[in-house]
Amino acid sequence: MAPSLNAGFAHLPGAFRSLAADVLLPPSPEGGPEGASGRRPLLRGAALLAASAALALGAAVLLTGSACQLLAALLGPARLDQAFPYLREALDRYDTQHQGTLALAVAGVALVAWLALVRGLAAGLRRRWLALTLLLALLVLATAVDVAFTEGNGAVMEALNVRSAPRFWGTAAGLIGIYLVTLPVQFLNTYGQQRFSLAWRDRTTNVLSEAYLANHAYLRLEASGAIDNPDQRIADDVERAVVSSTSLFFGFCASLLALAAYVLVLFGISSTLVLTLVIATVAGNAVILRLVRRLASLTFRQQALEADFRFALMHLRRHAESIAFLRGEPWERTGLGRRFGRVLVNLERVIRWRAFVGQGSGLYGFLMQFVPYLVLSGAYFSGRVSLGQLTVGSIAFGQVQAALSFLVDRADDFSGLFASLHRIGELRDATGARPAGTPATPVGPALRLQRLSVANPGGDGLLVRELDLELGAGERLLISGPSGCGKTSLLRVLCGLVPPAGGRMAAPSETEWMVLPQKPYLALGSLRDQLLYPLPPGAGAVGEEGLRRALIQARLEPLLGRYPDLEVETDWEQVLSGGEQQRLGFARLLLRRPAFVMLDEATSALDLATEEHLYGLLRQARMAVISVGHRPSLTAFHDRVLRLDGKGGWRLEPC
């Protein structure tokens, strides 16, 4: 079922806080973000953001004022008034009101606070805070240049109105100069924001991936089915959330700066125009918001439906061979059609309401462009307002209107952000959970179970009740019983994948044991990677001869003949038979040589001779072995048999 918009709002604070913390805050100490220790990084982050904003504002004002003073000194009064007549008043205010001194004081205090707050942060965090401060400063510069460009347009129109060719060409040249200044500022602004977004996505993806892989969270989520498409949440939702958050954050900051700058411009022309603007914007946004709320809800639902359809396609690809064997194409076609039908029905509603919003916004924008002319027309015809002021007022009016309408204009982006944050928040909560149960105690290469109970995964009673067992170094145990009696469930408990239902367990440390499942996992990569998996790159490096010897011991000489280069990469799951895959698992085992091995029907696809050969290698290596299997031939390779009846009963017998 698709989540509701209210659910997205419910997850918004925690999910967005975690998303922002990934890129700008140090990891929270134990106690979580809700505790006092978890709030300290958030308060530090808020203080750093305030210091960054103050530093950016003060530095940008200093830079802008200094640039204008330098320009006035280079051009001289006459040329300055001809090319940039609107700068004279701004320079006078900058000098008489000591704006430069004030900006220097603000920047100095903010710099001291900023340096104190970033002290102790990791180098990567300091670089990201510096990047954010520079980007905020670029926004202030871009706003100042934009205001100057608006004033330049007004100066050009005024020159045309008085039919002064020298003023026209001078102000036109000044306008071109301002435009050329905007090019590098806009480039650095756009490039910097996208690089910041890239760093944000890199950090968040790593954090979420680590949580997804830690404590077998991926296995618990897959088994419970509580979270759909965790892969899409990490790959797609993080990307959408980070890009949208970056765009909306800097867009909102730019709107606030434009609002402050252009309101001052409008007040210099007509206070009545400002009042009219506020009333018209509030009324128009209230009408459009009613349309946007419905669109946001539909967009939110659309993401969930699209995710469900993609999951069905991925499921089809994952089980392609089984579906082909069963001739299940008509069934799959029906299922895909049903899911895609829901996508299309909701998408049609999205298109319809998006058209309504577009038409409403278009009508609103069309009417609003005449408001400044209607308000200022009387003053213009009476001579109290010049044509240049009328032009500047019209442009400033549009900029302030856009700033006040920012939240409504970007409502579609906000709805998509809420949907992604909801899905990321769900995944964070799910991966953050820790399974309850009695932890295993590392005791070296031996296993000791005391009154251990194993629950039925379906929640219906116990499969194994109060099992007592000891397994020493080099001993071999076979677990047998009818299908569904709990053999694999017991193995999962022994491996620590699920908690026991009761009792105590002392098991070898993780570095001392290894599991071979019935179908070995084949990683993406070369033949060398298959042999060394799951060792981290560079850990326990094995030479070429060692790798080839392990393949020969596992009776995979034909594989060496087909792939003499161990660096070759292919789809190993498709090119290797079931028996070759199981023998490859034993080759991994022989390379790693753990003291304790668990085999879950790991020889079911092998002939009896190969099975005997491989178990003989384990005996020679003096490994402790626990095997799960049905084949009668396995009894000869073990010392004892643990027989389960699936109703909680068990019996330990010698072989």
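What follows is calculated from the coordinates using simple rules that are stated; it is not laboratory data. Computed from a prediction, not measured in an experiment: that's the story for all the values here. Cβ coordinates were reconstructed from backbone atoms using ideal geometry, including for glycine residues, and neighbour counts include every protein chain displayed.
Mind running the shape call on the range 174-286? Use the C-alpha gyration tensor, a ≥ b ≥ c as the square roots of the eigenvalues: rounded below 1.5 for a/c, prolate if a/b tops b/c, oblate otherwise. Mind dumping the intermediate values first?
Working: a/c = 4.99, a/b = 2.08, b/c = 2.40.
Oblate.
Given only helices, namely DSSP H runs of n ≥ 4 each adding -39500 (n - 2.57), what is the per-residue ellipticity at 222 nm of the chain, to the nearest 500 deg cm²/dmol? Can you show the working numbers first?
Details: 22 runs with 440 residues, N = 655.
The helix contribution divided over the chain gives -23000 deg cm²/dmol.
Can you list the GluC sites (Glu not before Pro) in the range 564-655 that are in a DSSP coil and have 16 or fewer other beta carbons within 10 angstrom? Intermediate results must be reported in sequence, preceding the final value.
Values: sites: Glu567, Glu569, Glu573, Glu580, Glu601, Glu611, Glu612; in loops: Glu567, Glu601.
Listed in order of number, the matching sites are Glu567.
Taking neighbour counts of Cβ atoms within 10 Å as a proxy for exposure, in what order, fewest first, do Ser361, Ser382 appear?
Fewest-to-most ranking of Ser361, Ser382: Ser382, Ser361.
Lys and Arg at +1, Asp and Glu at -1: add these up for the other residues within a Cβ distance under 10 Å of Ile395 and post the number.
Taking every other residue near Ile395 into account, the sum is -2.
Which option, [x] 0.95; [y] 0.99; [z] 1.12, is the value of Rg/Rh (Cα atoms, Kirkwood Rh) that was calculated from these coordinates?
Here the calculated entry is [z].
Among Phe250, Ala90, Leu344, whose Cα lies farthest out toward the positive end of the dipole of the chain, if unit charges sit on the beta carbon of Lys, Arg (+1) and Asp, Glu (-1)?
Ala90
If you take the charge dipole of the range 442-654 about its Cα centre, with +1 on Lys and Arg Cβ and -1 on Asp and Glu Cβ, which of Phe637, Val464, Pro499 is farthest toward its positive end?
Toward the positive end, the furthest listed residue is Val464.
Shape verdict for the range 273-394, please, from the Cα gyration tensor: rounded (a/c under 1.5), prolate (a/b greater than b/c) or oblate.
On the way: a/c = 5.71, a/b = 4.51, b/c = 1.27.
Judged from the Cα gyration tensor, the range 273-394 comes out prolate (a/c at least 1.5, a/b above b/c).
Let me check I've understood the local charge: for Ala419, count other residues with C-beta under 9 angstrom from its C-beta, Lys and Arg +1, Asp and Glu -1. What total comes out? Present the calculation step by step, with values, prior to reporting the outcome.
Numbers: positive: Arg240, Arg301, Arg423; negative: Asp237.
Result for the neighbourhood of Ala419: +2.
Using the Cα centre of the range 508-633 as origin and beta-carbon charges of +1 (Lys, Arg) and -1 (Asp, Glu), tell me which of Gln620, Tyr533, Leu560 is placed farthest towards the positive end of the dipole.
Gln620
Using Cα atoms only, what is the angle between the long axis of helix 99-118 and the major principal axis of the chain, expressed in degrees (0 to 90) to the nearest 10?
The helix 99-118 is inclined about 10 degrees to the chain.
Where does each of Tyr533, Tyr179, Tyr212, Tyr262 land when they are ranked from fewest to most other beta-carbon atoms within 10 angstrom?
Tyr179, Tyr533, Tyr212, Tyr262
Output wanted: per-residue J couplings in Hz (rounded whole) for the range 609-624, from phi through Karplus 6.51 cos²θ - 1.76 cosθ + 1.60, θ = phi - 60°, x for Gly and Pro.
Per-residue couplings from phi come out as 5, 5, 4, 5, 4, 5, 5, x, 5, 5, 5, 4, 7, 6, 7, 6 Hz.
Less than 15 Å Cβ to Cβ from Ser577, Lys/Arg counted +1 and Asp/Glu -1: what total charge do the surrounding residues give?
Details: positive: Lys519, Arg555, Arg562, Arg583; negative: Glu321, Glu557, Asp571, Glu573, Glu580, Asp607.
Spelling it out: positives minus negatives among the neighbours equals -2.
If one computes the Cα centroid of the range 376-419 and of the range 100-151, what distance in Å separates the two points?
What the calculation gives is 27 Å, centre to centre.
Could you give the size of the charge dipole of the chain about its Cα centre, using +1 on the Cβ of each K and R and -1 on the Cβ of each D and E, expressed in debye and rounded to the nearest 20?
Dipole of the chain, to the nearest 20 debye: 880 debye.
³J(HN,Hα) across the range 294-308 via Karplus (A = 6.51, B = -1.76, C = 1.60, θ = phi - 60°), whole Hz, x for Gly/Pro?
Taking θ as phi minus 60°, the curve returns 5, 5, 4, 5, 5, 5, 4, 5, 4, 4, 5, 5, 5, 5, 5 Hz for the range 294-308.
Quick check for me: using +1 on Lys/Arg Cβ and -1 on Asp/Glu Cβ, what's the dipole size of the range 442-654 about its Cα centre, in debye to the nearest 20?
640 debye
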